[in-house]
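Contents: one structure, followed by commentary.
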Amino acid sequence: MQNQPGLAASFRVVIAIGDGVSRRMKVAFLSGTSIVNSTLFAAWEVKTVETPHGPVTYKTKGDFALINRHGYAFPLPPHSINYRANIAALAQLGYQDVVSLNSVGSLKKELPPGTFVSCSDYVGLQQGPATFFDTELKGGAPGIANNLIPKIISGLAPEFMIHPGKIYVQMRGPRFETKAEIKIVQHWGDVIGMTAAHEADLCTEAGLRYNSLALIDNYANGLEGTEIDFAKFKDLVKDNQAKVNRLFVRLLEILG
C-alpha cells in the first residue's frame, strides 16, 4: 500500500484531468450490500488507499473503480459510514465522475418496489451533512450533477426504465422510519434512504460529479399497507439481486 497525496492536492489532480490531461472516461461506482452479494466483481482487483480520513478498500478494473459504501470487512450501518474517506479516496484516485446506486424506499404508490429512479435533489434535515469543511468558514453549494444520467437512461432503454428528476429524502438510520415519520416526510419527496445526501454534498465539495441511481426495494413503512422490518428488507434486496447484476453489466458496457 503506497502513501497517497493530500486531499487538497488530489482535488487539483481531478481538475487537471477534467481540463484535458486525460481524455479517457474514468468512472467510479458507489454501491451498497448488493455488490457484496454479486459475483460480477469477484475477479476485480482489490486495493486499499489511505486518505486523511482513514483507509478505503475498493475494487478496480481498467478505468473503473467500485466502493462498497458500507465497507467490506465489517459492513457499517448508514449512520456510521466513513463518507468522507470514501469520497476523498475517489478524489485521490483521480476520479471525477461518480455513479451511485442506492437502495431506497418508495414514498409514492406509483413508484412500486423494483423501480429504478434518478434523483435530482434531496432533503437532509435530520442529521448534519458530512463535510470536508470542519475547520473552515465555508460550505459547498448543494446539488447533484447527473451529467451522465442522460447517457445512462438512453443506453439502458428499453431494457431498463429509469424515472429521473425524483427527490431523495435522507433519514439518519440505522432503524427504519416510524409510520408517523413517513406520513410527514412523504410530502417532502419521492423516495427515502440514509446515504445519498452525504455523498452528494461531499462530491460537490471535492469537485466530483455525482450521478444518482436508486433501486426501490420496498414501500416505506405504512405505505400501501407495508409492515417493514430488517429481515423483510433483506429478503426484498435479495429478490432484486439479479436485476442489480444486470444493471451493472449494462452500465459497464455503456460507460466503458
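Listed values, structure above:
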quantity: Rounded, prolate or oblate (a/c below 1.5 giving rounded, otherwise prolate when a/b exceeds b/c) for region 13-158 by Cα gyration tensor; calculated: rounded
quantity: For the chain, share of DSSP beta bridges that run antiparallel, in % to the nearest 5; calculated: 35
quantity: Theoretical FRET efficiency, 1/(1+(r/R0)^6), r = Cβ-Cβ of Glu50 and Thr226, R0 41 Å, to 0.05; calculated: 0.45
quantity: Reach of Lys59 by Cα under 25 Å, taken over lysines that are not fewer than 8 positions away in the same chain; calculated: Lys26, Lys47, Lys151, Lys234, Lys238, Lys243
quantity: Protection proxy ranking, peptides 77-85, 159-167, 101-109, 212-220, average beta carbon neighbours within 10 Å, highest first; calculated: 212-220, 101-109, 77-85, 159-167
quantity: 20 Å cut-off, amide nitrogen to a point 7 angstrom out along Val123 Cα→Cβ, residues in region 210-227; calculated: 212-226
quantity: Pair Glu136, Leu40: separation of 7 Å Cα→Cβ label points (nm); calculated: 3.5
quantity: Helix-derived mean residue ellipticity, 222 nm - over the chain, DSSP H n ≥ 4, -39500 (n - 2.57), to 500; calculated: -8500 deg cm²/dmol
quantity: Prolate/oblate/rounded label for region 133-256 (Cα gyration tensor, a/c 1.5); calculated: oblate
quantity: Shape of the chain, Cα gyration tensor, a/c cut at 1.5; calculated: prolate
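Read-outs: derived from the displayed coordinates by stated rules, not from any lab. In this text the structure is predicted, and so the values were computed from the model without any measurement. So basically every Cβ, Gly included, is an ideal-geometry build from the backbone, and we count neighbours across all protein chains shown.
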